[in-house]
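None of the figures in this text is laboratory data; all of them are computed from the coordinates on show. This is a predicted model, so every value here is computed, not measured. Positions of Cβ are generated from backbone atoms using ideal geometry, with glycine treated the same way; all protein chains shown enter the neighbour counts.
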Amino acid sequence: MNLSHIFNNHRIYALGLLVLAGVIGWFSLILMTDPIEAGIQITTAQWVGLGFTIFISIAAWVRQCFTITPYTKAAK
């Protein structure tokens, strides 16, 4: 099994975007649920949620990398 074919540069960029999207989604939930008067205050449970978000993003990325085969052009 050629891992450089499975984990190519485009997929590394996809991992970065997937984790970034998860963190932005997590932060948007923080902003929607925090009280207005106190400002942004992140609790310990919310930090744990961020850890789960990053872990799930990476796990989903690895699963998709082993499921979806990259497209290769046929030699002419």
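Structure above, values below:
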| read-out | value |
| --- | --- |
| Kirkwood estimate for the chain, i.e. one over the average of 1/r between Cα atoms, Å | 14.7 |
| R0 of 30 Å, Cβ-Cβ distance D34-I54: FRET efficiency to nearest 0.05 | 0.90 |
| Residue of L15, L29, L50 that the Gaussian network model of the chain assigns the largest fluctuation, springs spanning Cα pairs under 10 Å | L29 |
| Between helix 9-33 and the chain: long-axis angle, C-alpha atoms, 0 to 90°, nearest 10 | 20 |
| Highest-MSF residue in the chain out of W47, W61, W26 [GNM, Cα springs under 10 Å] | W47 |
| Net charge of Cβ neighbours under 15 Å - reference S57; Lys, Arg +1; Asp, Glu -1 | +2 |
| Helix 44-67 axis, angle to the chain major axis (alpha carbon atoms, nearest 10°) | 10 |
